[in-house]
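Q: Pasting a structure below so you can have a look.
What follows is calculated from the coordinates using simple rules that are stated; it is not laboratory data. Since we're looking at a predicted model, the values are computed, not measured. All Cβ positions, glycine included, derive from the backbone under ideal geometry; neighbour counts span all protein chains shown.
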Amino acid sequence: MAVQAVIMVITVSYIHVGDVLEGKHEGKKVHLRGWVHRVRKQKKMVFALLRDPSGVVQTVIKKTVVSEEEYADAEKMLVESLVTMVGVVNADSRAEGGYEVQVEKFEVLHFSEEFPITEHQSTEFLNDNRHLWMRSRKLTNVLKIRDEVFRSAREYLRNEGFYETTSPMFVSTMGEEGAELFEVEYFGKKVYLTQTSQMHLEPQLFAMEKVFILAPSFRAEKSRTRKHLTEFWHLEVEEAWCDHECNLKRQEGLISYMSHAVADNRPRELKELDVDPERLYGVKAPFDRMTYDEAIDICQKAGLKIEWGQDLRTEAEHILTDDRDKFLFVEYYPKEIKSFYMKHNEDDPRTYKNSDLLAPLGFGEMIGASERETDYQLIIDNLDRIGDDPKKYEWYLDLRKYGSVPHSGFGVGVDRLMTWMLDLEHIRDSIPFPRTVSRIYP
Ligand code: 4AD
Ligand code: MG
């Protein structure tokens, strides 16, 4: 890169392609920079689509306008070359986006080698080249929406008086289910990557009352489905003085807020992804509700072989939500399929005061939630029933000895929520670098 070019990059005030597409600069001379998205060469002009994070705009470099050297570079450059340019913005209905930039000055800052990704490539190939494929319009838009999902979750919770905190990823006790644990060698000892941050979040509410954490959780999921990652992003919320009912309201508030924020703040990206913002504006409290008992009844009547006490898996989720356009809470699951820390339900002692939130159209479980058991002895009884050793949970059980407070909490699968929001075919397309049973590269 020439010294002069470096200085230009630093001192000139560049605009973004999106500003051009919004019509803010029609008839004006602008400075642009970015990557060559596509290039088409004719005899006396080169058409280049210029890409930056905000969009793609057509530019035209004419032999009669730019210098000989500049034109030679334009003819030589390949897709994904890095360029800067000065040009005049014209409205042009034939161009993608409705504008074209007539280039007057032009420089290639980096000549790209031949880009491996072209049209019509297999999903496998694209995923092997994820580090490059994320420049595609689809993934760029998804990643910008992902930022809004994270931002809005934090905004909602902070506005509601929650503190954001952190918790360890190396743990010595399991949080959910033994079979899904990743073991790690830790100085000669066996420890695990955490499946949930809940166990380390609960102690923190005794200090701060309302807390949340946005971090990865790890699960050795062997299932190759469109809904499972081995490393997923988990938004976990814990709230003191909050019962089961309050917990449901909190989930409705959070999910509605996040959905509306994405619709409000990322309309252009949604449009490019072909997602109707009404899908997101339609997320409103109250969500639908049914008990686990009712859910089993509906599934049985629909012909599914399922008994009371079994978990609601993919087929059941489809039966319950395929025709639904609202989120659905299923409440009061049987104790044997849920976790020991959940609150005993006096109205039906076979169940806990818990809920799963199912997305419409068979997208599956977005949230697992419960009021937490506050009684020391009841938790011991739960552990005894499932044959687990209370000794392993000594520190966690301490919380029920020193000022045990009513509280509830839940965990949102952020990548899953995005899969529903954007109507994605597979959860891996919601995250920059997906980790699944068959993928750990790049
Ligand atoms: O229902 P889960 O297992 O609940 C818990 O871990 C609780 N300790 C959370 C809490 O109360 N703080 O997981 C919560 C959510 C699920 O509803 C799902 O959305 C997501 O995490 N999830 C996954 N997402 C992607 N890939 C996986 N393998 C997932 N496993 C769970
Ligand atoms: Mg669950």
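Q: Please tell me the relative contact order of the range 190-233 in percent, rounded to the nearest whole number, where contacts are Cα pairs under 8 Å and at least six residues apart.
A: Relative contact order, the range 190-233: 35 percent.
Q: Let me ask something additional. Would you kindly calculate the mean projected area, averaged across all directions, of the convex hull enclosing the Cα atoms of the range 248-388, in square nanometres?
A: The Cα convex hull of the range 248-388, projected and averaged over all directions, gives 9.9 nm².
Q: On to the next question. When the chain is treated as a GNM, springs tying every alpha-carbon pair under 10 Å, which of VAL36, VAL211, VAL66 comes out with the largest mean-square fluctuation?
A: Residue with maximal mean-square fluctuation among VAL36, VAL211, VAL66: VAL66.
Q: Cross-link candidates for LYS43: which lysines have Cα within less than 21 Å, leaving aside residues fewer than 8 places away along the same chain?
A: List returned: LYS62, LYS63, LYS76, LYS105.
Q: Something else now. Just subtract the alpha-carbon distance of GLU164 and LYS222 from 0.36 nm times their residue separation and send over the number in nm, one decimal.
A: 17.7 nm
Q: To continue, here is another question. What does the charge count near ARG400 come to, summing +1 for each Lys or Arg and -1 for each Asp or Glu among other residues with Cβ under 9 Å from its Cβ?
A: Net charge around ARG400: -2.
Q: I need the phi-derived Karplus couplings for the range 209-221: 6.51 cos²θ - 1.76 cosθ + 1.60, θ = phi - 60°, integer Hz, Gly and Pro marked x.
A: 6, 10, 9, 8, 9, 10, 8, x, 10, 10, 9, 6, 7
Q: Which one, GLY188, GLY387, GLY18, has the greatest fluctuation when you compute a Gaussian network model over the chain with C-alpha springs under 10 angstrom?
A: GLY188
Q: Can you check what the net charge comes to around ASP325, using other residues whose Cβ is under 12 Å from the Cβ of ASP325 (Lys, Arg +1; Asp, Glu -1)?
A: Surrounding charge for ASP325 is -1.
Q: Compute the orientation-averaged projected area for the range 159-229 from the convex hull of its Cα atoms and round it to one decimal in nm².
A: 6.2 nm²
Q: Next up: To the nearest 20 Debye, how big is the dipole of the chain about its Cα centre, given +1 on the beta carbon of each Lys and Arg and -1 on that of each Asp and Glu?
A: Taking the Cα centre of the chain as origin, the dipole is about 1620 debye.
Q: Moving on. Could you tell me how far the Cα centroid of the range 104-129 sits from the Cα centroid of the range 24-46, in Å?
A: What the calculation gives is 18 Å, centre to centre.
Q: From the C-alpha coordinates alone, can you work out the Kirkwood hydrodynamic radius of the range 103-157, in Å?
A: 14.2 Å
Q: Now for a different question. If you average over every viewing direction, what projected area does the convex hull of the Cα atoms of the range 144-302 give, in nm²?
A: With the hull built on Cα positions only, its mean projection is 12.6 nm².
Q: Follow-up. Out of MET418, GLN42, VAL57, whose Cα points farthest toward the positive end of the dipole of the chain (charges: +1 Lys, Arg; -1 Asp, Glu; placed on Cβ)?
A: The one lying farthest along the dipole's positive direction is GLN42.
Q: Using the structure shown, select from LYS305/LYS391; LYS326/LYS401; LYS305/LYS335; LYS305/LYS353; LYS190/LYS222; LYS29/LYS271 the pairs with a Cα to Cα distance greater than 30 angstrom.
A: Over 30 Å Cα-Cα: LYS305/LYS391; LYS326/LYS401.
Q: Can you give the convex hull volume of the alpha carbon atoms of the range 39-143 per residue, in Å³?
A: 118 Å³
Q: Relative contact order (percent) for the range 277-362, with alpha-carbon contacts under 8 angstrom and 6 or more residues of separation?
A: 32 percent
Q: For PHE150 and SER93, FRET efficiency with R0 = 41 Å and r from the beta-carbon atoms, rounded to 0.05?
A: Computed FRET efficiency for SER93 and PHE150: 0.65.
Q: Stokes-Einstein D for the chain at 20 °C, 1.002 mPa s, Kirkwood Rh over Cα pairs, in µm²/s?
A: 86 µm²/s
Q: How would you classify the range 282-362 from its alpha-carbon gyration tensor, with a ≥ b ≥ c the square roots of the eigenvalues: rounded for a/c under 1.5, else prolate if a/b is greater than b/c, otherwise oblate?
A: oblate
Q: Please say if the range 337-381 is rounded, prolate or oblate, where rounded means a/c under 1.5 for a ≥ b ≥ c the square roots of the C-alpha gyration tensor eigenvalues, and otherwise the choice is prolate for a/b larger than b/c and oblate otherwise?
A: Because a/c hits 1.5 or more and a/b exceeds b/c, the range 337-381 counts as prolate.
Q: Another one. What distance in nm separates the simple spin-label points at ASN129 and ARG268, each placed 7 Å from Cα in the Cβ direction?
A: For ASN129 paired with ARG268, the spin-label model returns 2.6 nm.
Q: With a ≥ b ≥ c the root eigenvalues of the C-alpha gyration tensor of the range 210-312, is it rounded (a/c under 1.5), prolate (a/b larger than b/c) or oblate?
A: rounded
Q: Can I ask one more? How big is D for the range 325-442, in µm² s⁻¹ as a whole number, if Stokes-Einstein is applied with the Kirkwood radius of its Cα pairs at 10 °C and 1.306 mPa s?
A: 96 µm²/s
Q: Could you please state, rounded to a whole Å, how far the C-alpha centre of the range 276-300 is from the C-alpha centre of the range 206-234?
A: 22 Å
Q: Also, I was wondering about something else. Quick query: amide H of GLU231 versus all other amide H atoms, modeled in the peptide plane; which residues come in under 5 Å with a sequence gap of 5 or more or a different chain?
A: So GLU231 has HN proximity to ARG219, ARG435.
Q: Can you figure out the FRET efficiency of GLN300 with GLU69, using R₀ = 60 Å and their beta-carbon distance, to the nearest 0.05?
A: E between GLN300 and GLU69, to the nearest 0.05, is 0.20.
Q: Please compute the Cα-Cα pair-distance distribution of the range 52-95 with 10 Å bins starting at 0, giving whole percents from short to long.
A: Result, from short to long distances: 20, 54, 26, 0 percent.
Q: Can you figure out the FRET efficiency of GLU22 with PHE111, using R₀ = 30 Å and their beta-carbon distance, to the nearest 0.05?
A: Computed FRET efficiency for GLU22 and PHE111 comes out at 0.45.
Q: Name every cysteine in the chain that ends up alone, with no second cysteine's Cβ under 4.7 Å, or say none.
A: CYS299
Q: Taking springs between alpha-carbon atoms closer than 10 angstrom, which of ARG94, ARG51, ARG151 fluctuates most in the Gaussian network model of the chain?
A: It is ARG94.
Q: Also: In whole Hz, with x marking every Gly and Pro, tabulate ³J(HN,Hα) for the range 331-344 from phi via Karplus 6.51 cos²θ - 1.76 cosθ + 1.60, θ = phi - 60°.
A: 10, 6, 7, x, 4, 5, 10, 10, 8, 5, 8, 7, 7, 4
Q: Take every Cα-Cα pair in the range 152-197 and report what % of them are more than 14 Å apart.
A: Looking at the range 152-197, the distances longer than 14 Å represent 58 percent of pairs.
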